[in-house]
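Contents: one structure, followed by commentary.
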Amino acid sequence: MKLKKNIVLTGFMGTGKTYTGRVLAVRLGTRFIDTDSLIENDAGIPIREMFEKFGEPHFREIERDIIRKVSDQNGVVIAVGGGALINPENLNDLKRCGIVVNLTASPDVILSRVERNPDRPLLQVDDKIGKIKELLAVRAPFYDKADIAINTDGKKPEQVAEEILEAVRDKWIL
Ligand code: S3P
């Protein structure tokens, strides 16, 4: 199987973009690019620390630069951070270079996947489920702009990857 375009995984924190992206890339025999990892490599510090020291706007600037760069790639699997699509320039670049897949999950499932992980600066609040619901509501119109949506509730990354392959096979894979 050879990809005609990139496959871009987006969706809220805890929807499994990174795990699924890895599995998908192996299935396709192609490279996996995780923009959050590139951002951390570039900055030399974890995203959590970047938020603490320099604030979210600084993170978003670096995220924008990285997404501009990775949009040059072809035939790879790319996972972007859960807030990337909010910037219309990111959305344009990603749609141009790939098929954008929105991974979804219910708030309870998201909470169960992220609650013990301190690496999500936006969810370091007391009312985590409230924050998840609030951010999901604000972001829904942006996630809706993806080409396809796949629900991940109760599924392993392998199953989600298969569903993505099924959905993109005819149109986007040679
Ligand atoms: C963010 C999601 C994170 C990371 C950063 C901001 C967001 O990525 O980019 O903490 O705004 O939703 P994941 O979606 O991979 O957790």
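Filtering the stretch 103-119 for residues that are at pLDDT 95 or above, within 17 Å of Ile39 (Cβ to Cβ) and within 13 Å of the ligand (Cβ to nearest atom) leaves an empty set. Residues in the stretch 1-27 that are within 11 Å of the ligand (Cβ to nearest atom) and part of a strand (DSSP E or B) were compared, and the one that is surrounded by the most Cβ atoms within 10 Å (Cβ to Cβ) is Leu9. A search for C-beta distances below 9 Å between a residue of the stretch 75-89 that is of a type in the set (D, E, K, R) and more than 10 Å from the ligand (Cβ to nearest atom) and any residue that is at pLDDT 95 or above and open to solvent by less than 10 Å² (accessible area, probe 1.4 Å), counting only pairs 6+ apart in sequence or on different chains, returns Glu89/Ile67. Given the criteria at negative phi, within 11 Å of the ligand (Cβ to nearest atom) and open to solvent by 40 Å² or more (accessible area, probe 1.4 Å), does Arg48 qualify? So Arg48 fits the description; yes.
Give the residue that is least open to solvent (accessible area, probe 1.4 Å), with candidates limited to residues of the stretch 69-99 that are of a type in the set (Asp, Glu) and in contact with a Lys or Arg (Cβ under 7 Å, 6 or more places away or on another chain). Let's see the steps before the verdict.
Start the filter on the stretch 69-99 by keeping residues that are of a type in the set (Asp, Glu), which leaves 72, 89, 93.
From what is left, the residues that are in contact with a Lys or Arg (Cβ under 7 Å, 6 or more places away or on another chain) are 89, 93.
Numbers: Glu89: 99, Asp93: 17 Å².
Across the stretch 69-99, the extreme among qualifying residues is Asp93.
The values are calculated or read from the model by the stated rules, or taken from the named source; none is laboratory data. A quick note: this is a predicted structure, and the numbers were derived from the prediction, not measured. As a convention, Cβ positions derive from the backbone with ideal geometry for all residues, glycine included, and neighbour counts pool all protein chains shown. Ligands, DNA and RNA are stripped out before the accessible areas are found, and what is left, the full protein with its side chains, is counted by its heavy atoms. Shrake-Rupley method; radii C 1.70, N 1.55, O 1.52, S 1.80 Å.
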